[in-house]
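Enquirer: Just dropping this structure here.
The values are calculated or read from the model by the stated rules, or taken from the named source; none is laboratory data. Because the structure is predicted, anything quoted here is derived from the model rather than measured. Positions of Cβ are generated from backbone atoms using ideal geometry, with glycine treated the same way; all protein chains shown enter the neighbour counts.
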Amino acid sequence: MRIVFATVFEYPHPGGLSTHVDMLSQALARRGHEISFATPRRISPLRLELLARGPSMLLQPLGQDRGRIWAHRERLRILTQGLGHLPKDHIVIAEDVLAAIAARSAGLRCLLTVHGYLTREALSRRGMQEGTLGQLYFERMEREGYLAAGRIVTVDHRLQEHVRSVSGRTDIRVHPNFIDMAWADALPAREAARRALGLGDVPVVLCPRRLTPKNGVHVAVSAMQHLAGKELLVVGDGPETEGLKALAASHGVADRIRFEGARPHAGMAVYYGAADAVVVPSVPVAGVEEATSISVLEGMASARPVVASAIGGLRELITSGENGLLVPADDPPALARAVEEALSPSGPALGAAAREYVARHHSADAAAAAFEADLADL
């Protein structure tokens, strides 16, 4: 098959969606498929800057999220035109609802992968105001995108129910997120990884998260008050960076927290190799809950005990006490107690069980076979 991954957003970029595309595209290529990518920046970077970003910045201060609406409409137009030049034997894997609309407009078959809640996430993360034209536009595009796709795949069951409630469709399949086990097999040894990062021999907890409200990094920072003698590595960037640094200082733990900034996926191996435990302390925001997090899967595949919030798709990955630990969301003391358990002598057994679970249920090659079958149905 000739498969094109399409999104109106940036690719590649830091975050789970980009990692998902990387791993799935590579696994499908190994199965003999021809892979390409379509984004507004790849299709027409000059038009994107002149006709999307520029006017958007001028319109946004006028209110009602007019700038955001303009930018998304222009991205949709660019992507639609780009896909329209492709031969009709191409099949689109759309990574957002606007890409599904573009594929339909271009007359191409389309499978839509739903990673999150478009409108809810815009409200929770991107500063969109409730009750504005922007919210109405996103809601309309979200429903239209769900109806445009020939096949819909979600990455957890909560998202499946969300798509069903918005669109009325019942033919929605769930393919949880996945990772390439070869990546986990190639992790550096703990001692070598620690030397590379300049770490001592104290217990190290890794929080591989973008610094946005729903990722709950503030919970991990606050938990450090209860974790004497431990260090926290925060790998990721985002709008909460300065606030989190201030929070660490106010708790008196800034000297035990390293904010590493964003790293490319290839650069994450050394952090997982150096860690003794991994935390994913996500919190619900505006109805948005974490899906089947790739960060959790990577921590599990690294044979590290993972502590995560008991919300959304995280509950579909971790059976607490068997292959990881779940804690109430937004509860720093509970997170700290679970981290202590993860760092106890029982931690390695949790990590080993986690790795076995991921290898059996969440490998990229198995996911590629499932997507291949869905694409064949189109």
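Enquirer: Out of the residues in the range 307-330 that are closer than 19 Å to H362 by Cα and of a type in the set (D, E), which is modelled with the highest pLDDT?
Expert: This residue is E322.
Enquirer: Looking at A196, A182, which one is at pLDDT below 95, farther than 23 Å from A286 by Cβ and out of contact with any strand residue (DSSP E or B) (no Cβ under 7 Å at 6 or more places or on another chain)? Before you say what the answer is, go through the steps one by one.
Expert: Details: A196 fails: at pLDDT below 95.
Going through A196, A182 in turn, just one is at pLDDT below 95, farther than 23 Å from A286 by Cβ and out of contact with any strand residue (DSSP E or B) (no Cβ under 7 Å at 6 or more places or on another chain): A182.
Enquirer: Next up: I need the full set of residues from the range 223-266 which are polar (S, T, N, Q) and within 21 Å of G299 (Cα to Cα), in order please.
Expert: Of the residues in the range 223-266, the ones polar (S, T, N, Q) are 225, 241, 250.
Scanning the range 223-266 gives no hits.
Enquirer: Ok, one more. Quick check, is A100 surrounded by 20 or more Cβ atoms within 10 Å (Cβ to Cβ), of a type outside the set (F, W, Y) and within 20 Å of the chain's Cα centre (by Cα)? Give the derivation first.
Expert: On the way: surrounded by 20 or more Cβ atoms within 10 Å (Cβ to Cβ): yes; of a type outside the set (F, W, Y): yes; within 20 Å of the chain's Cα centre (by Cα): yes.
For A100, the condition - surrounded by 20 or more Cβ atoms within 10 Å (Cβ to Cβ), of a type outside the set (F, W, Y) and within 20 Å of the chain's Cα centre (by Cα) - is met.
Enquirer: Taking the range 167-216 as the region of interest, how many residues are among the polar types (S, T, N, Q), in contact (Cβ under 8 Å) with a residue 40 or more places away in the chain and touching a helix residue (DSSP H, G or I) at 6+ places or on another chain (Cβ under 8 Å)? Quick ask: steps written out before the conclusion?
Expert: Restricting attention to the range 167-216, the residues satisfying the condition of being among the polar types (S, T, N, Q) are 167, 170, 177, 212, 215.
Cutting the leftovers down to in contact (Cβ under 8 Å) with a residue 40 or more places away in the chain gives us 177, 212, 215.
Next cut, touching a helix residue (DSSP H, G or I) at 6+ places or on another chain (Cβ under 8 Å) only: 177, 212.
Residues meeting the conditions: 2.
Enquirer: Here's another thing I want to ask about it. Pairs only if they're at least six apart or on different chains, beta carbon under 6 angstrom, first in the range 1-19 and under 15 Å from P208 (Cβ atoms), second outside any loop (DSSP other than H, G, I, E, B) and not basic (K, R); list them, first residue then second.
Expert: Between residues of the range 1-19 that are under 15 Å from P208 (Cβ atoms) and residues that are outside any loop (DSSP other than H, G, I, E, B) and not basic (K, R), the close pairs are G16/I294; T19/H265; T19/I294.
Enquirer: Would you check which residues across the range 264-315 are of a type in the set (D, E, K, R), within 24 Å of L199 (Cβ to Cβ) and in contact with a Gly (Cβ under 8 Å, 6 or more places away or on another chain) and list them?
Expert: Kept after step one, since they are of a type in the set (D, E, K, R), are these residues of the range 264-315: 276, 289-290, 298, 304, 315.
Now narrow it down to the ones that are within 24 Å of L199 (Cβ to Cβ): 276, 298, 304.
Result: D276, R304.
Enquirer: Being modelled with pLDDT of 95 or more and closer than 22 Å to A266 by Cβ is the filter; apply it to the range 1-20 and report the residue that is farthest from the chain's Cα centre (by Cα).
Expert: F5
Enquirer: Looking at the range 2-105, what helices (runs of 4 or more DSSP H) fall wholly within it and have at least 2 residues that are aliphatic (A, V, I, L, M)? It would help to see each step written out before you state the result.
Expert: Numbers: elements: 16-30, 40-43, 54-59, 66-84, 97-105.
The qualifying helices (runs of 4 or more DSSP H) are 16-30, 54-59, 66-84, 97-105.
Enquirer: Where residues in the range 212-228 are modelled with pLDDT of 95 or more and in a loop (DSSP other than H, G, I, E, B), which of them is surrounded by the fewest Cβ atoms within 10 Å (Cβ to Cβ)?
Expert: A228
Enquirer: Now, a different point. Using the structure shown, decide if L326 is hydrophobic (A, V, I, L, M, F, W, C), crowded, with 24+ Cβ neighbours inside 10 Å and either in contact (Cβ under 8 Å) with a residue 12 or more places away in the chain or over 23 Å from P203 (Cα atoms) (or both). Talk me through it step by step, then tell me what you get.
Expert: Working: hydrophobic (A, V, I, L, M, F, W, C): yes; crowded, with 24+ Cβ neighbours inside 10 Å: no; either in contact (Cβ under 8 Å) with a residue 12 or more places away in the chain or over 23 Å from P203 (Cα atoms) (or both): yes.
Criteria not met by L326.
Enquirer: Please work out if E372 is buried (at least 18 other Cβ atoms within 10 Å of the Cβ), among the charged types (D, E, K, R), under 28 Å from V21 (Cα atoms) and touching a residue at least 60 places away in the same chain (Cβ under 8 Å). Walk me through how you get there before you give the answer.
Expert: Values: buried (at least 18 other Cβ atoms within 10 Å of the Cβ): no; among the charged types (D, E, K, R): yes; under 28 Å from V21 (Cα atoms): yes; touching a residue at least 60 places away in the same chain (Cβ under 8 Å): yes.
No.
Enquirer: A further question follows. Given the residues L76, L24, L51, L46, which is the only one that is buried (at least 17 other Cβ atoms within 10 Å of the Cβ), under 30 Å from G261 (Cβ atoms) and not basic (K, R)? Spell out the reasoning first.
Expert: Working: L76 fails: under 30 Å from G261 (Cβ atoms); L51 fails: under 30 Å from G261 (Cβ atoms); L46 fails: buried (at least 17 other Cβ atoms within 10 Å of the Cβ).
None of the other options fit; the residue is L24.
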